[in-house]
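The values are calculated or read from the model by the stated rules, or taken from the named source; none is laboratory data. None of these values were measured; they are calculated from a predicted model. Cβ sites come from the backbone with ideal geometry, for glycine too, and all protein chains shown count toward neighbours.
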Amino acid sequence: MEHSDAAPHRNDAAPHPTDTTPHPTDAAPHLTDPHPSGDDAARYWDSMYARRPAPTDPRPNTRLVEAVTPLPPGDALDLGCGGGGDALWLADRGWRVTALDVSAVATSRLARQAHARGLGDRVTATPQDIRAALPDLRFDLVNAHYFHTPYEQDRTAVLRSAAELLRPGGRLLVVDHGSTAPWSWNQDPDVRYPTPREVVAPLRLSPTQWRVERADMPHRIAVGPDGRTAEVIDHVLLVRRIA
Ligand SMILES: C[S@@+](CC[C@H](N)C(=O)[O-])C[C@H]1O[C@@H](n2cnc3c(N)ncnc32)[C@H](O)[C@@H]1O
């Protein structure tokens, strides 16, 4: 289990997207199994998304914009795409995006948004339990943004498999929460956020094949679903496949 954010320092140059991810505190469906099946995970997230109206203008995450703005477009895999702000932003910049999420509510909303913006040919949004399978395709970017869940799952295995899909020169971007935002679903005072170094270590990426380009914990001002702002911390890991 992990979560959202607060603290000093900010990145005023980057956008401050409204946090439109669902928050399990609003009467979340009860998950009895700490290791739910794909169907149960899908039911859980479908219900979370269905409780909130589809965002009319999903915004990209700040750290995605920072990391990807200098890169030429290519093929991107968005893991746990959620509201779709990242996928739409990437597609708008010319990337071809494969967006996966266990929630069909989320992926169908994203597909509709992509179509409405004339980006339908650049976004493939598919409901998929990414623990079970990833597409047999090659990518220049794997984006895993706030891939946090109220149940346990082997994120390392998913990230490791996704990293293997990168072409030489491609990048894996993993952004986790580093602090608990006041509107976060997880207000557990004992929650501990893995640092970027703790995320990368178990991936066991050979230094002859991979280079860590960024592993830091920057702060920013975030806007919650109710318009409140708070300073939050992100844990940012950017790894490049060099061979
Ligand atoms: C906290 S949200 C983050 C969404 C989005 N990436 C963002 O930055 O707002 C986590 C997302 O992961 C998805 N997810 C959780 N477990 C999954 C799984 N096993 N397979 C695919 N998607 C999953 C959820 O449906 C949810 O959309």
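Table for the structure above
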read-out	value
Residue 101 vs. criteria in contact (Cβ under 8 Å) with a residue 24 or more places away in the chain, acidic (Asp, Glu) and near the ligand (Cβ under 9 Å from one of its atoms)	yes
Filter result (within 16 Å of the chain's Cα centre (by Cα) and not hydroxyl-bearing (Ser, Thr, Tyr)) within the range 49-63	58, 59, 60, 61, 63
Evaluation of residue 113 against (1) more than 11 Å from the ligand (Cβ to nearest atom); (2) within 28 Å of residue 222 (Cα to Cα); (3) surrounded by fewer than 18 Cβ atoms within 10 Å (Cβ to Cβ); (4) not hydrophobic (A, V, I, L, M, F, W, C) (one fails), failing number	(3)
Counted residues, the range 186-228 - those being surrounded by 13 or more Cβ atoms within 10 Å (Cβ to Cβ) and closer than 30 Å to residue 51 by Cα	12
Single unsatisfied condition, residue 86 versus (1) in a loop (DSSP other than H, G, I, E, B); (2) within 7 Å of the ligand (Cβ to nearest atom); (3) touching a strand residue (DSSP E or B) at 6+ places or on another chain (Cβ under 8 Å)	(1)
Residue match in the range 1-22 (condition: over 20 Å from residue 227 (Cα atoms) and either within 14 Å of the chain's Cα centre (by Cα) or at pLDDT 95 or above (or both))	yes
Members of the range 125-139 that are surrounded by fewer than 21 Cβ atoms within 10 Å (Cβ to Cβ), within 16 Å of the chain's Cα centre (by Cα) and more than 9 Å from the ligand (Cβ to nearest atom)	126, 134
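Yes or no, residue by residue, for (1) closer than 18 Å to residue 90 by Cβ; (2) of a type outside the set (A, V, I, L, M); (3) in a strand (DSSP E or B):
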residue: 134; (1), (2), (3): yes, no, no
residue: 149; (1), (2), (3): no, yes, no
residue: 156; (1), (2), (3): no, yes, no
residue: 171; (1), (2), (3): yes, yes, yes
residue: 197; (1), (2), (3): no, yes, no
residue: 225; (1), (2), (3): no, yes, no
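For (1) closer than 16 Å to residue 60 by Cα; (2) in contact with a strand residue (DSSP E or B) (Cβ under 6 Å, 6 or more places away or on another chain); (3) at pLDDT below 95, each residue gets a yes or a no:
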site	(1), (2), (3)
94	yes, no, no
97	yes, yes, no
108	no, no, no
132	no, no, no
139	no, yes, no
151	no, no, yes
161	no, no, no
165	no, yes, no
172	no, yes, no
